[in-house]
Structures are given as structure tokens and as C-alpha cells.
Amino acid sequence: MAYIICEPCVGTKDTACVDVCPVDCIHPRKDEPEFATSELLYIHPDECIDCGACVPACPVEAIFVLDEVPEKWKSFIATNAEYYQK
């Protein structure tokens, strides 16, 4: 799991990160049914190629490298993983 989307995305769900992702690993996209009910966006841990294109694209600075997730948002590591275990 290379990148994690954290708390600033909650309620925002700006899809600029989705638009720049070269491997389409950020979900749910606006055209997916889960988008309306999802609290935030999630990066697929196995599909992410660690390119980092999503980081500067995020207008709310919600995306962090796994090892750099702020302590106050560490719970989002598990939240991201759980989304893809469904």
C-alpha cells in the first residue's frame, strides 16, 4: 500500500486525483454507484504503481505516502485496506 487518502478528503471527494492516475486505481469514481454513498476516495493497494501523480493533484492535501501518514490519521490506513477487502 503506497499511498493513503486521509481525513481532508472526507466529504470533499474531489476527483482531481482520479483524473491524473495513470492506472485507474482510485475509487469510487463519479461513474461508480458507490460514489454517492462513499465518505471519501480510496487508493487500491495492489494496483497503485507508486507514481505519486495523485499527491500534487489533491486540492485538500489528503494523500500521503504510507510511511508519512500523520499520526492523527493513521486509522485511514486500515480504512483504505478495508474498502478493497469487500
Next on the checklist: Conditions first: (1) in contact with a strand residue (DSSP E or B) (Cβ under 6 Å, 6 or more places away or on another chain); (2) at pLDDT below 95. Ala2 passes all but one, so which condition is the exception?
Outcome noted: (1)
Checklist entry - Out of segment 73-82, which residues are farther than 16 Å from Gly11 by Cβ and in contact (Cβ under 8 Å) with a residue 12 or more places away in the chain? => result Ile77, Asn80, Ala81
Checklist entry - Would you pick out the residues in segment 67-86 that are among the aliphatic types (A, V, I, L, M) and exposed (fewer than 15 other Cβ atoms within 10 Å of the Cβ)? => result Ala78, Ala81
Item to check | Residues (in contact with a Leu (Cβ under 8 Å, 6 or more places away or on another chain) and of a type in the set (Val, Ile, Thr)) located in segment 61-78 | outcome: Ile77
Next on the checklist: Just checking, does segment 56-68 include any residue being without any contact (Cβ under 8 Å) to a residue 24 or more places away in the chain and not charged (D, E, K, R)?
Outcome noted: yes
Checklist entry - With respect to Pro22, is the statement that it is at pLDDT 95 or above, surrounded by 13 or more Cβ atoms within 10 Å (Cβ to Cβ) and out of contact with any strand residue (DSSP E or B) (no Cβ under 8 Å at 6 or more places or on another chain) true? => result no
Checklist entry - For the subset of segment 25-34 comprising residues that are not in a helix (DSSP H, G or I) and not basic (Lys, Arg), which member is surrounded by the most Cβ atoms within 10 Å (Cβ to Cβ)? => result Ile26
Next on the checklist: Quick check on segment 35-52. Is at least one of its residues exposed (fewer than 13 other Cβ atoms within 10 Å of the Cβ) and part of a helix (DSSP H, G or I)?
Outcome noted: no
Item to check | Output for segment 1-19, where each listed residue is assigned to a helix (DSSP H, G or I), in contact with a helix residue (DSSP H, G or I) (Cβ under 7 Å, 6 or more places away or on another chain) and crowded, with 20+ Cβ neighbours inside 10 Å | outcome: Cys17
Next on the checklist: I want to confirm something. Restricting to segment 31-86 and keeping residues that are of a type in the set (Gly, Ala, Ser), within 14 Å of Ile4 (Cβ to Cβ) and in contact with a Pro (Cβ under 8 Å, 6 or more places away or on another chain), which single residue is modelled with the highest pLDDT?
Outcome noted: Ala62
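The values are calculated or read from the model by the stated rules, or taken from the named source; none is laboratory data. Bear in mind the structure is a predicted one, so any value in this text is a computation, not a measurement. All Cβ positions, even for glycine, are placed from backbone atoms using ideal geometry, and neighbour counts span all protein chains on display.
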